[in-house]
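For reference, the structure is listed below as structure tokens.
The values are calculated or read from the model by the stated rules, or taken from the named source; none is laboratory data. It should be emphasised that the depicted structure is a prediction, and the values quoted were computed from it without experimental measurement. Here the Cβ positions follow ideal geometry from the backbone for every residue, glycine too, while neighbour counts run over all protein chains shown. Only protein heavy atoms, including side chains, enter the accessible area calculation; ligands, DNA and RNA are left aside. Shrake-Rupley method; radii C 1.70, N 1.55, O 1.52, S 1.80 Å.
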Amino acid sequence: MNDETARDGRMTYERSPSLAVIINCFNYEKYIKCAIDSVLSQNNKSCEIVVVDDGSTDNSWSIIQSSGVRAFRKDNGGQVSACLMGLDNTTAPFVLFLDADDKLLPNSLEKIMDALDGSVSKLQFQLMRINEKGSVIAPAFPALQAGRDRDKFKRFVSEAGTYISPPTSGNVFRRDVCEFLRGASYDTAVDGVILLAAPFFGDIVSVRHPLGCYRIHGKNKSGVRNNPSIALLEKHKRRFKDRVSHLKAILQQRNLADAINPPEQMYFYSIYQINQDIITGRGIKLRQALNAVIRFPSWYSPPRKAATALAIVLAVVLPNAVSVQFLNSWRFVLVRLVTSFTHIRALWAPERSAARSPLSRNSR
């Protein structure tokens, strides 16, 4: 007997699904069919799929309807509200929020589900970077260390306020962790407080090979910004504080003993403040720069620590106008250098990741 049957364009399950893929869409008529097909083509009988159109004004809704998947349309309210609607209309214990301009790679659903169990709060995997036409334009990212852990990620969050993680489409969250989104009205992104909360409620499984694709195009909200404004930095700094405060409230409500530092004492808050002080003309003091340097996240590689420390210290001594231009460009240069180094090393290094991967053939 089959696990699912088609009825009026919807999938009904004779067994409870293991994973829900929720696709949120706003004016992505160019990509939404590709995202849906990347899930449907895998014909996985343990996966449910729901698409939520967040008030698109283009042809997205017609394309979604023609796909035959279970779908909902709502007034525009942002990504979080769209994903919460998808959450309310699915039942699987694990959830993948897939952006409408991204897609999953073949057989990824089976590999993901093989690595999930009740103790996992989040699974994260690499994404291939593709362009508007779907061509691969850069190596897979981010640089994840394959394995399963929770304590080190709790430490990263407690000290720095974040950890290495892919964009939204590269994460699978346990449903109870997703529920924390209901208190995140301050945020426009899904992978905010639930990313921070995940290691406090279970294991983080990291996969060091790509299971999906991240599409880079002119409408991306994330990515490298060469000219951050004062308003944008203030927005990021405020959102960072709200996320950490929200996490602290979540932990306190559940009587968890894990203590996290105030947001003002975390590395990424200090970086936002340094950038803001430079752009506003206040400049930064040597003590302020040194405080940021000693708070470097432990996952920073030695080259990245050295390059970042040099950039921060030079911002102290350079004239303010020069510092602004310097800080606006050094990140982009550093990212390209690190990416190139990683790609070259991968070409020459022995292939060892398969044996360590939680999704290898022998992982069951």
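Here the scattering of segment 227-305 is modelled by Debye summation over its C-alpha atoms, one equal scatterer each and no solvent; at q = 0.21, 0.22, 0.26 Å⁻¹ the log10 of I(q)/I(0) is -1.03, -1.08, -1.21. Comparing segment 140-222 with the 2.2 N^0.38 Å rule of thumb, its C-alpha radius of gyration ratio is 1.12 (two decimals). Of the cross-linked pairs Lys33/Lys74; Lys122/Lys241; Lys111/Lys152; Lys103/Lys152; Lys285/Lys305; Lys111/Lys248, those separated by over 27 Å at the C-alpha level are Lys103/Lys152; Lys111/Lys248.
Heavy-atom surface analysis with a 1.4 Å probe gives segment 110-252 a carbon and sulfur content of 48 percent of its accessible area.
With each label modelled as a point 7 angstrom along the Cα→C-beta vector, the Asp75-Ile164 pair spans 4.4 nm.
I'm a student and want to see the number: the projected area of the Cα convex hull of segment 56-187, averaged over all directions, in nm².
Details: hull surface 40.2 nm².
Averaged projected hull area, Cα only: 10.0 nm².
Under 5 Å between amide hydrogens, built in the peptide plane, is the criterion, and for Ile130 it picks out Ile137, Tyr214, Arg215, Ile216 among residues at least 5 positions away or on other chains.
How would you classify segment 123-264 from its alpha-carbon gyration tensor, with a ≥ b ≥ c the square roots of the eigenvalues: rounded for a/c under 1.5, else prolate if a/b is greater than b/c, otherwise oblate?
Oblate shape, in that a/c is at least 1.5 and b/c is the bigger or equal ratio.
Accessible surface for segment 38-88, divided over its residues, is 42 Å² per residue with a 1.4 Å probe. Counted residue by residue at 0.36 nm each, then reduced by the alpha carbon distance between them, the extension gain from Ser185 to Glu110 reaches 23.7 nm.
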